[in-house]
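A quick write-up on the structure given underneath.
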Amino acid sequence: MGTDDAAAGRPTGSEPVPPPVTVTVRAGSTVDTYVFPRPVSVVVGRAADCGIRVDDGQRRVSRRHCRLDVDPPHVWVRDLGSRHGTWLDGRPVDGARLLSAGAEVRIGLATLTVDPPDDGSWGAAGPDQDLALPALAAAAAHGAPGMEGFTDHRVLRELGRGGHGVVYLARHEPSGRLVALKTLLADRAVDPAARDAFRREIACTRGLRHPNIVALHGCGAADSAFFFTCEYCPGGSVAEFVTRRGGRLTVDEALPITLDALDALAYAHRAELAVVLADGRTRTAHGLVHRDVTPHNLLLGTGPAGGTVTKVADFGLAKAFEKAGLSGHTGTGATGGSLAFQPRAQLVDYRYARPEVDLWAVAACLYWMLTGATPRDFPAGADPVAVVLRTRPVPVRQRTGAVPARLAEVIDEMLVDQPRVTATTATELADALRQAR
């Protein structure tokens, strides 16, 4: 299950725009300020490739010390196995910790302070996702419809969280099988029709059976809380793997991940799936577009032979968010997923996103794995939607010369999205990447 599912997009109607997050770093007499207007994960440490570089002069800050997961106006901090630890309120950080306004994080002799938004609206942009699990447990205990299988699961520990929900490692007690259990809490009241629409959208993906797609086991909802259980991938996300590898992968590491993802998409884009309509009738849908392929939704699981394989997670989740009102955006102008991995066409016409948007996203993931940067630059203070609509991706070899020229040509060609994404299929893109290799 991906750990970071944050949705970003344009405000519609009277929706408030989440204020940017300001992080102030103090190390001795040096004071640096960073402003984050959009969702992003930032590694903090002494290494030159860290998004926030900190040196306290005493080498008590590790090369890659901790990570900040920013989803304005919220920030989570996670220690990355640093030698001297990451501290919050006098206690060591274990797992992901949500920071409150004015919170001070200590790493070595340096401090990071999260400043509250100027308009005082800290915390107003989303619900407390920690409330979803007890709400679901209470509904199941009271026999709420659709929650019958929830009590069969024992939560073991938290795996991660993002702007929409929390992912737990759980054991399905009747079978002993380990699963990933994801809980979601809508940021507004959800009526029964929207709740049923979410169930139908997610249940549709249960028909996807492919070795490179995370298998969905079950789902349910109660009031504004939602959950689904799926295959557990012990290797975590590609985003986490890249961080462990120092922020970049080699071509030989990144290409197999990309080709696995393309195999999954080639299947999903052609799959025939049974869709249950609101009136109970069933129709056949031809092909499913993911709409939210990011490094956080590419997971490392175990293949039939015991080796590591990449699996695409959260198929159908972005569309289900839109229909159920979970994302905080209305259906008109809604944009699921991370803007950094979305082509221009997806912002212009999200509702009718076609398979090409997934292929662009996979190419963007490959670009990011090889360079440590997203295809477009998002300057601090810039409107990220405007960046996607008005700028073009930076050629990959301008980021790093380590990418072979022919491979760079394929990546750059796939990332052309003005006036439209290059028309191709997942199979054709995979063949082009293999030939370039």
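The values are calculated or read from the model by the stated rules, or taken from the named source; none is laboratory data. Just so we're clear, the structure is a prediction, and the values are computed from it rather than from any experiment. No Cβ is skipped: glycine too gets one built from the backbone with ideal geometry, and neighbour counts run over all protein chains shown. Each accessible area value is taken on the protein alone, full model and side chains, heavy atoms only, with ligands, DNA and RNA left out. Shrake-Rupley method; radii C 1.70, N 1.55, O 1.52, S 1.80 Å.
If we scan segment 270-278, do we find a residue that is of a type in the set (Asp, Glu) and buried (at least 24 other Cβ atoms within 10 Å of the Cβ)? Looking for residues that are of a type in the set (Asp, Glu) and buried (at least 24 other Cβ atoms within 10 Å of the Cβ), one finds none in segment 270-278, hence no. Figure legend. Inter-residue proximity from segment 99-120: first residues open to solvent by 70 Å² or more (accessible area, probe 1.4 Å), second residues in a strand (DSSP E or B) and modelled with pLDDT of 75 or more, beta-carbon distance below 6 Å, spacing 6+ or different chains. Indicated pairs: GLU104/THR111; GLU104/THR113; ARG106/TRP87. Only one entry of ARG420, ARG392 meets the criterion of being of a type in the set (Lys, Arg) and either more than 24 Å from PHE36 (Cβ to Cβ) or touching an Asp or Glu at 6+ places or on another chain (Cβ under 6 Å) (or both), and that entry is ARG420. Being farther than 13 Å from LEU184 by Cβ and without any contact (Cβ under 8 Å) to a residue 60 or more places away in the chain is the filter; apply it to segment 221-249 and report the residue that is surrounded by the most Cβ atoms within 10 Å (Cβ to Cβ). That would be PHE241. Of the residues making up segment 78-98, those that are open to solvent by 60 Å² or more (accessible area, probe 1.4 Å) and touching a strand residue (DSSP E or B) at 6+ places or on another chain (Cβ under 6 Å) are TRP87, ARG97, LEU98. Do we have any residue at all in segment 110-131 that's within 22 Å of PHE226 (Cβ to Cβ) and modelled with pLDDT of 75 or more? So far as segment 110-131 goes, yes, one or more of its residues are within 22 Å of PHE226 (Cβ to Cβ) and modelled with pLDDT of 75 or more. In segment 129-180, what residues are among the polar types (S, T, N, Q) and touching a Ser or Thr at 6+ places or on another chain (Cβ under 8 Å)? Result: GLN129, single match.
Of the residues making up segment 280-325, those that are modelled with pLDDT under 80, out of contact with any Leu (no Cβ under 7 Å at 6 or more places or on another chain), among the hydrophobic types (A, V, I, L, M, F, W, C) and surrounded by fewer than 24 Cβ atoms within 10 Å (Cβ to Cβ) number 1.
Here is the figure for segment 376-393: residues that are open to solvent by less than 50 Å² (accessible area, probe 1.4 Å) and at pLDDT 90 or above total 2. Find the residue count for segment 58-77, including only residues that are open to solvent by less than 60 Å² (accessible area, probe 1.4 Å) and out of contact with any Leu (no Cβ under 7 Å at 6 or more places or on another chain). Going through segment 58-77 one residue at a time, the tally reaches 8. Considering (1) touching a strand residue (DSSP E or B) at 6+ places or on another chain (Cβ under 9 Å); (2) among the charged types (D, E, K, R); (3) surrounded by fewer than 20 Cβ atoms within 10 Å (Cβ to Cβ), the lone condition that ASP260 does not fulfil carries the number (3). If the condition is being under 25 Å from ALA305 (Cβ atoms) and surrounded by 17 or more Cβ atoms within 10 Å (Cβ to Cβ), then segment 172-205 contributes HIS172, VAL179, ALA180.
Taking the criterion of being at pLDDT 95 or above and under 30 Å from ALA285 (Cα atoms), would at least one residue in segment 366-375 satisfy it? Scanning segment 366-375, I find at least one residue that is at pLDDT 95 or above and under 30 Å from ALA285 (Cα atoms), so the answer is yes.
Of all residues in segment 412-423, those satisfying the criterion of being at pLDDT below 95, open to solvent by less than 50 Å² (accessible area, probe 1.4 Å) and either assigned to a helix (DSSP H, G or I) or within 19 Å of VAL387 (Cα to Cα) (or both) are ASP417, GLN418, VAL421.
You will find that of ALA405, ALA426, ALA436, the residue that is in contact (Cβ under 8 Å) with a residue 24 or more places away in the chain and surrounded by fewer than 21 Cβ atoms within 10 Å (Cβ to Cβ) is ALA436 and no other.
Tell me which residues, restricted to segment 367-411, are under 21 Å from ARG354 (Cβ atoms) and over 23 Å from the mean Cα position of the chain (by Cα). Within segment 367-411, just VAL410 meets the criteria. The number of residues in segment 264-290 being farther than 22 Å from VAL357 by Cβ and small (Gly, Ala, Ser) comes to 3. Screening ALA334 against (1) open to solvent by less than 10 Å² (accessible area, probe 1.4 Å); (2) modelled with pLDDT of 95 or more; (3) over 24 Å from VAL42 (Cβ atoms) leaves a single unmet condition, (2).
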